[in-house]
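Below is one structure, written out as structure tokens; the observations come after it.
The values are calculated or read from the model by the stated rules, or taken from the named source; none is laboratory data. Predicted model, so just to flag it, every value in this text is computed and none were measured. Heads up, the Cβs are rebuilt from the backbone with ideal geometry, glycines too, and the neighbour counts pull from every protein chain shown. The area values use the complete protein model at the heavy-atom level, side chains included, leaving out ligands, DNA and RNA. Shrake-Rupley method; radii C 1.70, N 1.55, O 1.52, S 1.80 Å.
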Amino acid sequence: MTDSIGQDGATRTLSGSDFAVGTEDRYFEDYAVGAVYEYGYVRVSVSEADIIAFAERFDPQPIHTDARFAANGPFGGLIASGWHTASLAMRMVVDHYVSRVASLASPGVDELRWPAPVRPGDSLRLRTTVVETRRSRSKPDRGLVRTRAELLNQHDQAVLSLVAMNLIRLRSS
């Protein structure tokens, strides 16, 4: 297993090889089953203000918006909404993993889990594993890429896991 810095300087390759190209020239053929990458040498940090602002707008439960209430709750303090955590993961996926020229759509996400809470001060990074690639039978210009994504905190604890499906255009059909 290789442990090397990727082309963008923010990627660590944890498998045999890095992507041959960056996201601006990445097509279906560039996603290799079994490839594992970590993104976030410049990690995403989460502040209390970030947690409250997101929650006030999208998930106004007191465990996300009221530090005093949350201190007496099941997590012993303020935690980020799972949807906030998912949005942070999505931003990292878009910035580092998904093709900027060949990504067509996503038919969905499976197995979305939040195994541990995100707390103020946490620093997050993304790990992706290409689980499956399959050319479309009905549309020969594209394929389906299934990816397991995990968001990890500074203690290497998973705070989000999911399996994403992406339709990616072929470089040549």
Loop sites in the range 38-125: trypsin sites (Lys or Arg not before Pro), DSSP, at most 14 other Cβ within 10 Å: ARG100
Difference of contour (0.36 nm per residue) and Cα-Cα distance, ASP50 to VAL94: 13.8 nm
Accessible area of the chain divided out per residue, in Å², using a probe of 1.4 angstrom: 52
Degrees separating the helix 82-96 axis from the principal Cα axis of the chain, which is the longest one: 30
Positive minus negative residues near TRP83 (Lys, Arg vs Asp, Glu; Cβ under 14 Å): 0
Cβ-based charge dipole, the chain, positive-most Cα from VAL145, VAL130, VAL159: VAL145
Rounded tilt (10° steps) of 48-58 against the dominant C-alpha axis of the chain: 80
222 nm mean residue ellipticity, helices alone, for the chain (DSSP H n ≥ 4; -39,500 (n - 2.57); rounded to 500): -5500 deg cm²/dmol
Options VAL109, TYR97, ALA49, ranked by Cα towards positive dipole end of the chain, top entry (Cβ charges): VAL109
Fraction of accessible area attributable to carbon and sulfur, the range 65-173 (%, probe 1.4 Å): 50
Proximal charge balance of LEU104 [Cβ under 11 Å; K/R count +1, D/E count -1]: +2
Surrounding net charge for PRO62, when Lys and Arg each add one and Asp and Glu each subtract one, Cβ distance under 13 Å: -2
Assigned charges on the beta-carbon of Lys, Arg, Asp, Glu; the range 14-173 dipole about Cα centre (debye): 540
